[in-house]
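Have a look at the structure below, then the notes.
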Amino acid sequence: DECRDWNTLNRRYDKFIVGSDQVWNPFIIRNNMDFLLKNVTDNNKKIAYAASFALRDLPLEYKEVFSRYIGDFAHIGVREDAGLKILSNLGIERGVHNIDPTLLLTAHDWSQLCQDVTPSTPENYLLCYLMPGNKSNHLIIDYAKRLAHKHNLQLVIIGEREYKALFSTDYVVTAGPVEFVHYFAHASMVLTNSFHGTCFAINYQKPFWSFVWCNTVADNRNSRIESLLAMLGVASRLISVDASMQHIVNEKENEAIDFANVHMLLDAK
């Protein structure tokens, strides 16, 4: 297979770019060193853009190999502040902080890409975008129902088919990429425990709340959302959820977002 023939690839291409979503998370890539460009022979061809570890620290057993191969990159961009700290702990001080690629396009750019698709949506709705298997989902759903009722909004939930059997609310199970963007573009409010759900809510300037599941295990991917919200001055939109909670209480529920400042900070990146 020519696509896996690194001798051919090294001869043919001038640059190799790695990025972005969790491409350097050792719990995902395991021993696949392609994401560290192990087989690219010319270090000047190696570039990382917004590469994400999605962790606060690397497990000890991965530090030597990550230090060795990432240190060979000509240019290193990571997506979170935690990524810069990981690089520094590996003895690599050349890293820069990039924004996620989805934020390189404006809301207008995204809408232009999906202007020919108009899925049937309620006139006014709260969009809830959940990641499959997240332990916070049932608490978010309960909160979403209460919030939708309070603001007289219908509830639209994008999730995996597994959710269809879990809750009585109608779920969207057929949204492709274009429909996905459309749902964010026309929502009145967004609740999500997804990093990219957070990105699209910010891009479309929607009142939103982002949820993270708190745990102490090494594979904790909250740093992606935490770093993004802190960078854009909206860390107060983060709600932490843990196993001891019976329901979500949000004392800042009516707090407005200064999107002018958010997009000024975003443009500076």
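Here is a yes/no grid of residues against (1) of a type in the set (Asp, Glu); (2) open to solvent by 100 Å² or more (accessible area, probe 1.4 Å):
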| residue | (1), (2) |
| --- | --- |
| 4 | no, yes |
| 14 | yes, yes |
| 18 | no, no |
| 23 | no, no |
| 39 | no, no |
| 56 | no, yes |
| 71 | no, no |
| 77 | no, no |
Evaluation of residue 166 against (1) surrounded by fewer than 19 Cβ atoms within 10 Å (Cβ to Cβ); (2) farther than 30 Å from residue 267 by Cβ; (3) modelled with pLDDT of 90 or more; (4) in contact with a His (Cβ under 9 Å, 6 or more places away or on another chain) (one fails), failing number = (3)
Is there any pair with a first residue in segment 82-106 that is under 18 Å from residue 67 (Cβ atoms) and a second that is among the charged types (D, E, K, R) whose Cβ atoms are under 6 Å apart and which are 6 or more apart or on different chains, and what are they?
-> 82/56
In the list 123, 64, 93, which residue meets the criterion of being in a helix (DSSP H, G or I) and of a type outside the set (Ser, Thr, Tyr)?
-> 64
Can you name the residue in segment 41-54 that is under 17 Å from residue 80 (Cβ atoms) and of a type outside the set (Gly, Ala, Ser) and, of all such residues, is surrounded by the most Cβ atoms within 10 Å (Cβ to Cβ)?
-> 53
Criterion violated by residue 206 - all others in (1) in a loop (DSSP other than H, G, I, E, B); (2) open to solvent by 40 Å² or more (accessible area, probe 1.4 Å); (3) at pLDDT 90 or above satisfied = (2)
Name the pairs whose Cβ atoms lie under 6 Å apart, with the first residue in segment 118-133 and more than 13 Å from residue 151 (Cβ to Cβ) and open to solvent by 10 Å² or more (accessible area, probe 1.4 Å), the second modelled with pLDDT of 85 or more and not charged (D, E, K, R), and 6 or more positions between them or separate chains?
-> 119/182; 121/186; 129/158; 129/192; 129/194; 129/197; 131/193; 131/194
Scan (1) modelled with pLDDT of 90 or more; (2) within 28 Å of residue 62 (Cα to Cα); (3) open to solvent by 80 Å² or more (accessible area, probe 1.4 Å); (4) of a type outside the set (S, T, N, Q) for the single condition residue 252 breaks and write down its number.
-> (2)
Within segment 249-262, the residues that are touching a residue at least 12 places away in the same chain (Cβ under 8 Å) and not in a loop (DSSP other than H, G, I, E, B) are 259, 261, 262
Does segment 18-36 include one or more residues that are in contact (Cβ under 8 Å) with a residue 12 or more places away in the chain, over 19 Å from residue 223 (Cα atoms) and not hydrophobic (A, V, I, L, M, F, W, C)?
-> no
Restricting attention to segment 148-162, which residues are surrounded by fewer than 20 Cβ atoms within 10 Å (Cβ to Cβ) and either on the phi < 0 side of the Ramachandran plot or at pLDDT below 70 (or both)?
-> 149, 150, 151, 153, 154, 160, 161, 162
If you check 200, 180, which single one turns out to be within 17 Å of the chain's Cα centre (by Cα), in a helix (DSSP H, G or I), modelled with pLDDT under 95 and closer than 18 Å to residue 118 by Cβ?
-> 180
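The values are calculated or read from the model by the stated rules, or taken from the named source; none is laboratory data. Since this is a predicted model, take the numbers as computed values, not measurements. All Cβ positions, glycine included, derive from the backbone under ideal geometry; neighbour counts span all protein chains shown. To get the accessible areas, we keep the full protein, side chains included, count just its heavy atoms, and leave off ligands, DNA and RNA. Shrake-Rupley method; radii C 1.70, N 1.55, O 1.52, S 1.80 Å.
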